[in-house]
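Engineer: Here you go, one structure.
The values are calculated or read from the model by the stated rules, or taken from the named source; none is laboratory data. Everything numeric here is computed off the predicted structure, so don't read it as measured data. In case anyone asks, the SASA skips ligands and DNA or RNA and just uses the protein heavy atoms, side chains included. Shrake-Rupley method; radii C 1.70, N 1.55, O 1.52, S 1.80 Å.
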Amino acid sequence: GGMGSVYLARHKSTGRDVALKVLGDNQSNDPDLLRRFQLEGEVASGLNHANLVEVLETGTSDGTHFIAQEFVDGADLGHLIAQHGALPLKRTVSIIQQVSEALAFLHRRNIIHRDIKPSNLLVSRDGNLKLADMGVARSLDADSDSGQVTQVGNVVGTVDYIAPEQIDDSHSADARSDIYSLGCAWYEMLTGSPPFPEGS
């Protein structure tokens, strides 16, 4: 990915298989990217919900920054749509219900995801959905600096799914912005394409 690499690893203290996100060397030398990576771990740590990818540990080892998170044995929705096209309506309803539960949990804690899209929706082999990637999430709590890393004028999110107000000012994104993005993802599940695939 843009921030580094992800490995399948064994978490020593729990014995669980985990997805180990490792920040690349070039990104580690960029203070803004390093802080964004650290904030991803900080925002996601301690969030325990059946439909969120669980973060088990964050830290640095021999100068390498990492996030150890729950390994979801399955595929992301972007990959499934690319392979099979539009999904059956009944399956999309189940997926949307599960993502909505995860978002409601985050929003009650004043956290805005800001990057809801099919590739961040992981479906396990048994059909359970997990919302992943808190890399651009923002806590609305006054004591959090998660919103300060992104400079005013920088677009945060993925263009095909981003709410108009989030394009104008990523700091103005709130729960409604996540719901807009979820609607765009649902549209793609039903049709095989995002609503505005050729937009800028």
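Engineer: Provide the solvent-accessible area of Phe71, counting protein heavy atoms only and rolling a 1.4 Å probe, rounded to the nearest 10 Å².
Structural biologist: Number for this one is 80 Å².
Engineer: Taking only DSSP H segments of four or more residues, each worth -39500 (n - 2.57), what value at 222 nm results for the chain once the sum is divided by all its residues, to the nearest 500 deg cm²/dmol?
Structural biologist: Details: 6 runs with 68 residues, N = 200.
Helix contribution divided over all residues of the chain: -10500 deg cm²/dmol.
Engineer: Need the list of aspartates and glutamates near Lys21 for cross-linking: C-alpha distance under 12 angstrom, and skip anything on the same chain fewer than eight residues off.
Structural biologist: Lys21 reaches Glu40, Glu57, Glu70, Asp133.
Engineer: Might you work out the accessible area of Thr60 for me, using a 1.4 Å probe with all protein chains in place, and round it to the nearest 10 Å²?
Structural biologist: 80
Engineer: Moving to a separate point now. Checking the cross-link filter: which aspartates and glutamates have an alpha carbon closer than 19 Å to that of Lys90, excluding same-chain neighbours under 8 positions apart?
Structural biologist: Asp76, Glu101, Asp126, Glu188
Engineer: Accessible area of Arg109, 1.4 Å probe, to the nearest 10 Å²?
Structural biologist: In the full protein context, Arg109 sits at about 100 Å².
Engineer: Tell me, in nm to one decimal, what length is gained between His79 and Thr64 on full extension, where the rule is 0.36 nm per residue of separation less the Cα-Cα distance? Walk me through the numbers on the way to the answer.
Structural biologist: Values: separation 15, 0.36 × 15 = 5.40 nm, distance 2.91 nm.
My answer for the length gained is 2.5 nm.
Engineer: Can you give the three extents of the C-alpha atoms in segment 1-111 along their principal axes, from longest to shortest, in whole Å?
Structural biologist: So the three principal-axis extents are 48, 34, 32 Å.
Engineer: How much accessible area per residue does segment 1-144 have, in Å², with a 1.4 Å probe? It would help to have the intermediate numbers written out before the result.
Structural biologist: Numbers: 7380 Å² over 144 residues.
Per residue, segment 1-144 has an accessible area of 51 Å².
Engineer: Which residue fluctuates the most in the chain, going by a Gaussian network model with Cα springs under 10 Å, if the choices are Ile81, Ile116, Ile67?
Structural biologist: Ile81
Engineer: May I pose another question? Cut-off 10 angstrom, C-alpha nodes, Gaussian network model of the chain. Which of Gly63, Gly85, Gly74 fluctuates the most?
Structural biologist: Ranking Gly63, Gly85, Gly74 by mean-square fluctuation puts Gly63 first.
Engineer: Would you mind pulling out the separation of the Cα centroids of segment 47-76 and segment 95-124, in Å?
Structural biologist: Segment 47-76 and segment 95-124 have Cα centres spaced 16 Å from each other.
Engineer: Also: Compare His84, His107 by solvent-accessible area with a 1.4 Å probe and give them largest first, with all protein chains kept in place. Walk me through the numbers on the way to the answer.
Structural biologist: Numbers: His84 130, His107 40 Å².
Ranked from most to least accessible, the order is His84, His107.
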